[in-house]
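The values are calculated or read from the model by the stated rules, or taken from the named source; none is laboratory data. Keep in mind that what you see is a predicted model, and the values were worked out from it rather than measured. Note that we place each Cβ from the backbone using ideal geometry, even for glycine, and neighbour counts take in every protein chain shown. These area figures cover heavy atoms from the full protein model, side chains too; ligands, DNA and RNA do not enter into them. Shrake-Rupley method; radii C 1.70, N 1.55, O 1.52, S 1.80 Å.
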Amino acid sequence: MGFASIKDFFAQVALVTPDQFDEWNKAWRVAVESGSQESLLAFICRERGIAEDLFLQQLAEALGWPFLDLSKLEVPPEARQKVPTKVAFQYSVLPTHFENGQLQVVVSNPFEAAMLNAVRFNAGSPVQFALAPKVEIEKALKKYYGVGAETLDEMSKDEPLELLVGEDKEITEGDQEASVIKFVNQIIWEAYKDRATDIHFEPAEDELRIRYRIDGILHQTPMPPQLKRYQAALISRIKVMSGMNIAEKRLPQDGRINVRIKGEEIDIRVSTVPTVYGESVSLRLLTRGKIFLSLDKLGFSALEEHAIREIILKPHGIFLVTGPTGSGKSTSLYAFLSSINSVHKRIITIEEPVEYELKGINQIAVRSDIGLTFAMGLRHILRQDPNVIMVGEIRDLETAEIAIRAALTGHLVFSTLHTNDAPSAFTRLIDMGIEPFLVASSVEAVMAQRLVRNICPHCKVEQKVERDYLRKVGFPANEIETAKFWHGAGCEECRQLGYQGRQGIYELLLLNESIRPLILNRSAATTIAAKAMQQGMRTLRTDGWNKVKAGRTTLEEVLRVTQIEEHMDALADDSKSELRLNR
């Protein structure tokens with residue numbers, strides 16, 4: 001169908017006037033010459049100011065073709081086998097139904113002659129075409145064929161592969177390199193688009209599972225069933241990219257890849273461990289030079305932010321941030337350092353690894369393989385005349401002792417500990433072997449934190465919650481009748497999850513003359529917590545409830561990331577009994 005006939009067709013069905021078509025066709029040709037890959041149909045749709053799905057519905061009615069909602073369809077394997085994977089991905093077409101010798105194929109552009117001919121040629125049977133938006137077809141292709149299926153189709157031809165060693169790689173959506181390289185690049189590209197922080201390649205007996213961690217939750221990525229056949233090649237490619245020894249498969253290895261995606265530099269930390277069915281590979285994606293959150297964007301209450309600003313301006317003492325891996329501790333510490341960074345302060349950090357580069361701050365990366373540990377680095381930092389020191393993590397007695405000595409000799413020290421809540425940090429330090437009087441005299445504050453997912457703003461709706469359930473989970477009894485709750489219904493923007501992005505919930509414990517005697521007497525963490533709460537400390541759960549009431553997150557999220565045991569005493573007796581029965 002030539003342009004003239006398309007023009008006549010649009011005029012005949014009253015979708016586009018001849019004058020409009022001439023004008024838009026001319027503008028589209030100029031755009032194509034400038035490098036645009038947009039189709040004429042998409043260009044006209046945009047110029048008309050109409051949503052693609054509505055325009056395609058009108059077009060389908062004019063052509064007499066079905067318009068399909070792919071989210072409600074289940075595509076059988078016999079239909080998918082009628083069109084080669086490469087053709088399906090190359091032209092963004094999806095075979096949806098095969099019955100009585102006729103194949104139904106959904107497309108997004110009925111005027112693309114090359115696509116129509118390729119489908120008819122490869123189908124080997126009569127074809128009935130249907131319409132759907134291109135973005136929906138592409139989602140369905142990933143769902144039914146798997147991410148990178150067209151690349152695996154090329155790999156099955158056993159073409160020779162050239163693995164490029166140690167290069168800084170520019171990753172684009174249409175990489176034209178050898179298939180195994182192209183497939184790995186596509187996996188990283190998809191993870192970047194989905195805002196994933198981690199990619200896991202997990203070998204099993206009959207499959208190679210690939211999962212992305214998005215907003216702290218793991219999601220399995222649809223993969224072609226034949227992926228297991230290429231497990232060794234894919235893992236070897238990742239090991240080559242990250243500078244590992246590809247011959248060593250019996251021992252764990254660590255490496256790093258530097259890539260560039262849409263002009264943004266990404267550091268990828270790579271770890272391999274041997275498992276029963278092959279090497280398991282984990283990739284952590286870090287945006288180099290990322291603009292991290294400032295202190296006022298972390299989600300503190302006004303009182304907490306004021307208290308933190310006072311602490312980080314003190315000339316000496318220790319400020320500890322606690323929480324499990326992936327709870328945002330590093331982000332908080334970087335925000336603190338950025339707030340006090342100036343030409344008048346010498347700030348030195350020792351980290352494993354240096355996740356984000358801070359201008360004006362001296363950052364040291366731990367190198368255990370050559371003896372540069374936290375303790376050794378910290379000892380030498382003290383000879384560098386610092387005002388402020390940040391230690392990535394206090395893991396052992398030696399590091400803890402040097403950090404406390406630094407705090408007591410006029411340095412402000414920031415660090416992290418792996419404890420569940422703020423009061424447990426004191427018990428942890430004492431258990432390491434630090435004398436209680438040193439802990440009490442050096443630590444100025446401890447902050448515990450977790451990350452909860454934000455409700456997706458695009459599908460946020462009010463949620464009705466039973467009062468009995470609120471009492472059971474310990475929601476403040478005096479607010480049960482008046483509080484409103486929201487959740488995400490699920491939409492395309494949030495991948496039907498109802499959440500998009502994350503924020504912190506916090507528990508800030510400030511040391512004072514009431515808390516220090518408890519530490520000196522080696523009191524239990526629960527005793528310290530009770531005293532701190534009397535003096536106004538808000539627990540993680542309480543801060544979570546406040547963010548639920550503000551409509552930022554859901555009850556389920558707060559319950560997921562906080563421990564219910566520490567709040568059992570606050571529940572009514574009947575609620576306690578009910579909880580125990582339901583466990």
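Of the numbered conditions (1) modelled with pLDDT under 85; (2) within 22 Å of TYR506 (Cα to Cα); (3) of a type in the set (Asp, Glu), GLU264 fails exactly one; give the number of that condition.
It is condition (2) that GLU264 fails.
Going by what's in this entry, would VAL321 be described as surrounded by 15 or more Cβ atoms within 10 Å (Cβ to Cβ) and either more than 20 Å from the chain's Cα centre (by Cα) or not in a helix (DSSP H, G or I) (or both)?
Taking the combined requirement at face value, the residue satisfies it.
If we scan segment 425-432, do we find a residue that is among the hydrophobic types (A, V, I, L, M, F, W, C), touching a Pro at 6+ places or on another chain (Cβ under 8 Å) and surrounded by fewer than 18 Cβ atoms within 10 Å (Cβ to Cβ)?
Yes, segment 425-432 has at least one match.
Inside segment 257-284, can you point out the residues that are within 19 Å of the chain's Cα centre (by Cα), open to solvent by less than 20 Å² (accessible area, probe 1.4 Å) and not hydrophobic (A, V, I, L, M, F, W, C)?
The one that is within 19 Å of the chain's Cα centre (by Cα), open to solvent by less than 20 Å² (accessible area, probe 1.4 Å) and not hydrophobic (A, V, I, L, M, F, W, C): ASP267.
Restricting to segment 38-84, name every residue that is within 28 Å of PHE121 (Cβ to Cβ) and β-branched (Val, Ile, Thr).
Within segment 38-84, ILE44, VAL75, VAL83 meet the criteria.
In segment 535-583, which helices (runs of 4 or more DSSP H) lie fully inside it and hold 3 or more residues that are in contact with a helix residue (DSSP H, G or I) (Cβ under 7 Å, 6 or more places away or on another chain), surrounded by fewer than 18 Cβ atoms within 10 Å (Cβ to Cβ) and at pLDDT below 50?
Ranges flagged: 573-582.
Take ALA79 and decide whether it is in contact with a His (Cβ under 7 Å, 6 or more places away or on another chain) and in a helix (DSSP H, G or I).
yes
Can you tell me which condition LEU94 does not meet? The list is (1) under 20 Å from GLU492 (Cβ atoms); (2) open to solvent by 70 Å² or more (accessible area, probe 1.4 Å), and all the others hold.
Single failed check for LEU94: (2).
Residue by residue, here is whether (1) farther than 17 Å from LYS142 by Cβ; (2) among the hydrophobic types (A, V, I, L, M, F, W, C); (3) touching a residue at least 40 places away in the same chain (Cβ under 8 Å) holds:
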| site | (1), (2), (3) |
| --- | --- |
| ILE210 | no, yes, yes |
| GLY216 | yes, no, yes |
| GLN220 | no, no, no |
| PRO224 | no, no, yes |
| LYS228 | yes, no, no |
| ALA233 | yes, yes, yes |
| ILE238 | yes, yes, yes |
| ILE246 | yes, yes, no |
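Return the total of residues in segment 30-68 being aromatic (Phe, Trp, Tyr) and touching a Ser or Thr at 6+ places or on another chain (Cβ under 9 Å).
Number satisfying all stated conditions: 1.
Limited to segment 324-333, what total is found for residues that are part of a loop (DSSP other than H, G, I, E, B) and hydroxyl-bearing (Ser, Thr, Tyr)?
Here the count works out to 2.
Filter segment 20-47 down to the residues that are over 33 Å from the mean Cα position of the chain (by Cα) and aromatic (Phe, Trp, Tyr), then identify the one that is surrounded by the fewest Cβ atoms within 10 Å (Cβ to Cβ).
The extreme case among them is TRP24.
Determine which single condition ILE50 fails, assuming it passes every other condition in (1) closer than 25 Å to VAL106 by Cβ; (2) open to solvent by 40 Å² or more (accessible area, probe 1.4 Å).
It fails just one condition, (2).
Looking at (1) under 14 Å from GLN128 (Cα atoms); (2) out of contact with any helix residue (DSSP H, G or I) (no Cβ under 9 Å at 6 or more places or on another chain), find the lone condition where PRO110 falls short.
Every condition holds for PRO110 apart from (2).
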